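Read through the structure below, which is laid out as structure tokens, and then see the notes.
Every read-out reported here was derived from the displayed coordinates using simple, explicitly stated rules and does not represent laboratory data. Owing to the predicted nature of the structure, the values given are computational and were not obtained by experimental measurement. A quick note on method: Cβ atoms are made from the backbone with ideal geometry, for glycine too, and the neighbour counts reach across all protein chains shown.
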Amino acid sequence: MHKYVIMGVQGSGKGTQAKLLADAFDLVHISVGDIFRWNVQHHTKLGAHVRRIVAEGQLVDDDLVEEVVRNRLQMHDWNFGFVVDGFPRNARQAEFFLESYDLDAVIILEMPDAEVSRRVLARRLCSDCGLDYNLIAHRPKVLDTCDVCGGKLVVREDDHPEALAVRLRDYHDKTLPVIELFQRKEFVITVDATQPIADVHAAIRARLRPS
Ligand SMILES: [Zn+2]
């Protein structure tokens with residue numbers, strides 16, 4: 001049984017690394033972002049609530065995130081363990097984890113704010129088919145044009161510099177106390193997330209305790 005929490009600012013490749021880890025150990029990947037997106041797409045009551053919050057330019061509040069994660073973990077479908085991504089977001093939620101689940105490791109993906117900005121501000125989205133692009137890693141063949149459908153590439157609402165600055169501040173304010181708490185009580189591994197995806201994954205695997 002492996003129980004992991006993965007933490008890192010948006011743009012650090014957290015979701016990708018969580019997925020790779022889940023595949024490697026047959027874990028359930030519990031992504032707060034994916035759960036919310038699923039609910040929005042399927043027009044659930046929770047989805048409608050989340051959409052309203054996001055449309056108002058607010059962040060989904062911590063209590064709601066906590067409830068969603070608690071419910072998801074209580075499904076107990078994680079026979080070989082889990083990797084939680086997008087939680088905990090504050091010290092109280094970290095305490096909940098420490099009390100309720102015996103975590104094997106807390107993986108922290110480290111990326112300087114300047115690098116996060118460089119990556120996030122390079123993101124583009126096709127306004128027609130929704131395909132993601134990145135002007136650093138995945139450039140369209142024709143400037144501002146979707147390779148697949150010819151649609152116009154746009155910058156996502158929350159990828160503008162002002163919105164990113166708010167998210168970075170929120171991340172640092174809330175997660176630093178969480179990281180400090182985990183560092184005192186749990187097995188914390190810190191990995192340089194500026195490396196290529198495969199190298200970050202290898203670095204995580206190399207640092208995990210065999211169990
Ligand atoms: Zn397209």
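Quick check: from the Cα gyration tensor, does segment 135-206 come out rounded (a/c under 1.5), prolate or oblate? Before the final figure, lay out each step's value.
Numbers: a/c = 4.49, a/b = 1.69, b/c = 2.66.
Oblate.
Can you list the GluC sites (Glu not before Pro) in segment 1-77 that are in a DSSP coil and have 10 or fewer other beta carbons within 10 angstrom?
On the way: sites: Glu56, Glu66, Glu67; in loops: Glu56.
When the GluC sites (Glu not before Pro) of segment 1-77 are filtered for loop state and at most 10 Cβ neighbours within 10 Å, Glu56 remain.
Pull out a ≥ b ≥ c, the square roots of the eigenvalues of the alpha-carbon gyration tensor of the chain, then state rounded if a/c is under 1.5, prolate if not and a/b is larger than b/c, and oblate in the remaining case.
Details: a/c = 1.66, a/b = 1.38, b/c = 1.20.
Judged from the Cα gyration tensor, the chain comes out prolate (a/c at least 1.5, a/b above b/c).
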TODO: Answer with one residue from Ser117, Val148, Leu73: the one whose Cα lies farthest towards the positive end of the charge dipole of segment 73-200, charges on Cβ with Lys, Arg +1 and Asp, Glu -1.
DONE: Val148
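When a/c is below 1.5 the answer is rounded, else prolate if a/b is larger than b/c, else oblate, so apply that to segment 1-103 with a ≥ b ≥ c taken from the square roots of the Cα gyration tensor eigenvalues. The partial results should precede the final answer.
Details: a/c = 1.62, a/b = 1.49, b/c = 1.09.
In terms of gyration-tensor shape, prolate.
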Task: Sum of side-chain charges, Asn79 neighbourhood, beta-carbon under 14 Å (Lys, Arg +1; Asp, Glu -1) - done: -1
Task: ³J(HN,Hα), Karplus 6.51/-1.76/1.60, whole Hz, each residue of segment 30-37, x for Gly, Pro - done: 9, 10, 4, x, 5, 4, 5, 4
Open item on the list: I want to check the label-to-label distance for Asp62 and Arg37. Put each point 7 Å from Cα in the C-beta direction and report it in nm to one decimal.
Closed with: 2.5
Task: Computed over the chain: relative contact order in percent, which uses C-alpha pairs under 8 Å that are six or more apart - done: 28
- [ ] Extending each Cα 7 Å along its Cβ direction at His138 and Ser117, get the distance between those two points in nm, one decimal.
- [x] 2.5
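Between beta-carbons, use under 13 Å as the cut-off and find the net charge around Ala55, counting Lys and Arg +1, Asp and Glu -1. Display every interim value, and only then the final one.
Details: positive: Arg51, Arg52; negative: Glu56, Glu157, Asp158.
For residues surrounding Ala55, the net value is -1.
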Task: Placed amide H near Met7: partners under 5 Å, 5+ positions off or other chain - done: Ile107, Ile108, Leu109
- [ ] Compute the separation of the alpha-carbon centres of segment 118-175 and segment 24-87 and state it in Å as a whole number.
- [x] 22
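Of all trypsin sites (Lys or Arg not before Pro) in segment 106-197, which ones are in loop regions per DSSP and have a Cβ with at most 14 other Cβ atoms within 10 Å? Mind showing how you got there, number by number?
Values: sites: Arg118, Arg119, Arg123, Arg124, Lys141, Lys152, Arg156, Arg167, Arg169, Lys174, Arg184, Lys185; in loops: Lys141, Arg156.
Filter output for segment 106-197: Lys141, Arg156.
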TODO: Taking only Cα atoms and a 10 Å spring cutoff, compute GNM fluctuations for the chain and point out the largest among Val32, Val40, Val191.
DONE: Val40
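Between Ile179 and Thr44, take the C-beta separation as r, use R0 = 35 Å, and let me know the FRET efficiency to the nearest 0.05. Provide the component values of the computation, followed by the final result.
Working: r = 32 Å, r/R0 = 0.92.
Between Ile179 and Thr44 the formula returns 0.65.
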Open item on the list: Projecting each Cα onto the charge dipole of segment 1-59 (Lys/Arg +1, Asp/Glu -1 at the beta carbon, about the Cα centre), which of Ile30, Val5, Ile53 comes out farthest on the positive side?
Closed with: Ile53
TODO: Report the paramagnetic label zone for Ala24: residues of segment 67-90 whose backbone N is under 18 Å from a point 7 Å from Cα along the Cα-to-Cβ axis.
DONE: 80-86
Task: Other-chain or far-sequence residues with amide H under 5 Å of Val188's (modelled H) - done: Val106
Open item on the list: Using only Cα atoms and rounding to the nearest 10 degrees, what angle (0 to 90) does helix 62-73 make with the longest principal axis of the chain?
Closed with: 70
TODO: Could you grab the relative contact order for segment 3-100? Cα pairs under 8 Å, six or more apart, rounded to a whole percent.
DONE: 43
Task: From phi via Karplus (6.51, -1.76, 1.60), per-residue ³J(HN,Hα) for segment 150-166 in Hz, x at Gly/Pro - done: x, x, 7, 7, 10, 8, 5, 3, 8, 9, 7, x, 5, 5, 5, 4, 5
TODO: Under 13 Å from the Cβ of Gly150, count the other residues' Cβ atoms, weight Lys and Arg +1, Asp and Glu -1, and hand me the total.
DONE: -1
Task: Gain on full stretching of the segment that runs from Phe96 to Arg156 - 0.36 nm per residue minus C-alpha separation - done: 18.2 nm
Task: Note, ³J(HN,Hα) from phi for segment 193-208, Karplus 6.51, -1.76, 1.60, rounded to Hz, x at Gly and Pro - done: 8, 7, 6, x, 3, 5, 6, 5, 4, 4, 5, 5, 4, 5, 8, 6
Open item on the list: In segment 89-211, if the dipole is taken from +1 on Lys/Arg beta carbons and -1 on Asp/Glu beta carbons about the Cα centre, which of Ile136, Leu103, Phe187 is farthest to the positive end?
Closed with: Ile136
Open item on the list: Based on DSSP loop calls and a cut-off of at most 16 other Cβ atoms within 10 Å, the longest stretch of the chain free of exposed chymotrypsin sites (Phe, Trp or Tyr not before Pro) is what?
Closed with: 102-186
